[in-house]
Every structure is written in C-alpha cells, then in structure tokens.
Amino acid sequence: DCPKLRAYPATYTGRNVAGNFQKKKELFSGLEKLTIITPSKWLKEQIRKSFLKDTKVLNIPNGIDLELFKPTENTIKEKFCPNGEKLLLGVTSIWTKNKGLYDFIKLAETIGDEFVICLVGLNKKQIKKLPKNIVGIEKTESISQLAEYYTAADLFLNLTYEDTFPTTNIEAIACGTPVLTYRTGGSPEIINEACGFVVEKGDIEGIKNYVRTQLQDKAFYENECLKRAAEFRKEDCYQRY
C-alpha cells in the first residue's frame, strides 16, 4: 500500500529507456521499508554498486526439494556409455549461446572417445545439428527423469556465460554428481572444492585438462556432494525468509 507505487500505472511500458530507469529509481528509492533478498552473494554485491546501495540487502539462497532430487537408479549410463566412457552432462530449459551450447560443441570436437556429452533441454532443430559424440535430449517435464540424468552423469558441466544462481548446480550435487562451472555470477558459490571445479568463461582447454587429469570416479565425490546439497534444503531456505 504505497502511494508512490499507485502514482504510476501498471501498464507503463517504458518506451523511453532513460525515463523508465528514472521512474524505477524514484519508486524504489522512495520506499521507506524495503528489504531486498538475493539468492547469491554476487547479486548482493551488484546491488551495492547501484542506486539501491543503501537499502537493506539479505542473501538467502534458493532451495530445492531433496526428496525429489536425490541419487536415483537408472540405466542411462549403460545406454549412452556402453564401453565405460565418462558421461558429461549439461542441462537447461533453453539452450542458447549464452548458456554455453557452442562451448559444448567445441568441447566435443577434441574431448576424445573416452567421454560422451549429453545435453538435456534441446529442441528438435538443435538436436539434428549436434556432432555424433553429443547425445541430445529434448526438454523433460519429469523431475524424476531429470534426477536420473543427474545421477547417471560423472560430471555436470554448467558453461553458462550469464547466471545469477543456477539451481541446476544444486540439483546435480543433490544427486551426488560434482559440478564444473564457469566463473559466472553466483554459479561458483554453490559448490566447494570437494564437490566441484571452476574455470574461466570460455576456457575449453581448462575443461579438457580437468576432465582428463583431475576427474575422479563418481564415488569419490558423492558424499561431499550430498553434504553440500543438504545446505540448500528448501524447507531450511524458506524458513530463513
């Protein structure tokens, strides 16, 4: 119930970008009782650099349902890796350049036959254009099926160039799978040295070096992954609100 907010119509489209920004600045700066909650420490720091720098800001991470995302029995690894290859997984709802699609393709060109890359969330057109050593899966609405893919993977790769706090990282470690991510936004905050690895954006050589020389067997990471994932139990995160 804020008079300042009622002063501007909800249908305002902001055709004038500068004017739109100014109006938003006036609205948010004029709220006396405003607390901003960010899912990542990175985003909290971005707010500290904005006109909202004097606003109260709390960091509460997004939580997930650990009853749904958990190690789940499946036969995916046997299906895609019949000769004992390691399975590298990527998951997103919409695959674009900024989500790392082209980086996965670059990786596939030189990663070697001992690895199989699986990408979940592609459309039919994208799947047709994939190289032979990338398995393309369309978007699934089944959380249990998604948990099977996470569980089957030896490593979850998050090659996004822009992200605030990707819950796919949490979903992966909740299924016992370590994560390799680009140093992007709040993505590295989700993992620690015991359950993940961080490389700079676009560092394909760094990814190959890690999976070839440092990636251990899945069992090596599982307990630490599950331990870390327990910190993102949705009920606990919600309680912090």
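So VAL135 clears everything in (1) touching a Pro at 6+ places or on another chain (Cβ under 8 Å); (2) more than 28 Å from ASN59 (Cα to Cα); (3) in a strand (DSSP E or B); (4) not charged (D, E, K, R) except one condition, right? Which one?
(1)
So SER93 passes all but one of these: (1) modelled with pLDDT under 95; (2) over 18 Å from the mean Cα position of the chain (by Cα). Which condition number does it fail?
(2)
Would you mention how many residues in the range 113-139 are under 29 Å from PHE232 (Cβ atoms) and surrounded by fewer than 15 Cβ atoms within 10 Å (Cβ to Cβ)?
2
Among the residues of the range 201-216, what is the count of those that are among the acidic types (Asp, Glu) and either in contact with a helix residue (DSSP H, G or I) (Cβ under 7 Å, 6 or more places away or on another chain) or not in a loop (DSSP other than H, G, I, E, B) (or both)?
At the first step, the residues of the range 201-216 found to be among the acidic types (Asp, Glu) are 203, 205.
If we keep only those that are either in contact with a helix residue (DSSP H, G or I) (Cβ under 7 Å, 6 or more places away or on another chain) or not in a loop (DSSP other than H, G, I, E, B) (or both) as well, we get 205.
Counting residues in the range 201-216 that are among the acidic types (Asp, Glu) and either in contact with a helix residue (DSSP H, G or I) (Cβ under 7 Å, 6 or more places away or on another chain) or not in a loop (DSSP other than H, G, I, E, B) (or both) gives 1.
Please determine, by comparing only the residues of the range 64-102 that are farther than 12 Å from ALA147 by Cα and of a type in the set (Asp, Glu), which one is most open to solvent (accessible area, probe 1.4 Å).
GLU78
Select from the range 25-51 the residues that are under 26 Å from the mean Cα position of the chain (by Cα) and either assigned to a strand (DSSP E or B) or among the hydrophobic types (A, V, I, L, M, F, W, C) (or both) and list them in ascending order.
Of everything in the range 25-51, those that are under 26 Å from the mean Cα position of the chain (by Cα) and either assigned to a strand (DSSP E or B) or among the hydrophobic types (A, V, I, L, M, F, W, C) (or both) turn out to be THR35, ILE36, ILE37, THR38, TRP42, LEU43, ILE47.
Each row is one residue, and each column tells you yes or no for (1) assigned to a loop (DSSP other than H, G, I, E, B); (2) at negative phi.
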| residue | (1), (2) |
| --- | --- |
| LYS53 | yes, yes |
| LEU58 | no, yes |
| ASN62 | yes, yes |
| THR72 | yes, yes |
| LYS106 | no, yes |
| GLU109 | no, yes |
| GLY112 | yes, no |
| GLN126 | no, yes |
| TYR150 | no, yes |
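How many of the residues in the range 191-236 are farther than 26 Å from PHE104 by Cα and at pLDDT below 95?
0
The values are calculated or read from the model by the stated rules, or taken from the named source; none is laboratory data. On a predicted model such as this, the values are computed, not experimentally measured, just so you know. All Cβ positions, glycine included, derive from the backbone under ideal geometry; neighbour counts span all protein chains shown. Each accessible area value is taken on the protein alone, full model and side chains, heavy atoms only, with ligands, DNA and RNA left out. Shrake-Rupley method; radii C 1.70, N 1.55, O 1.52, S 1.80 Å.
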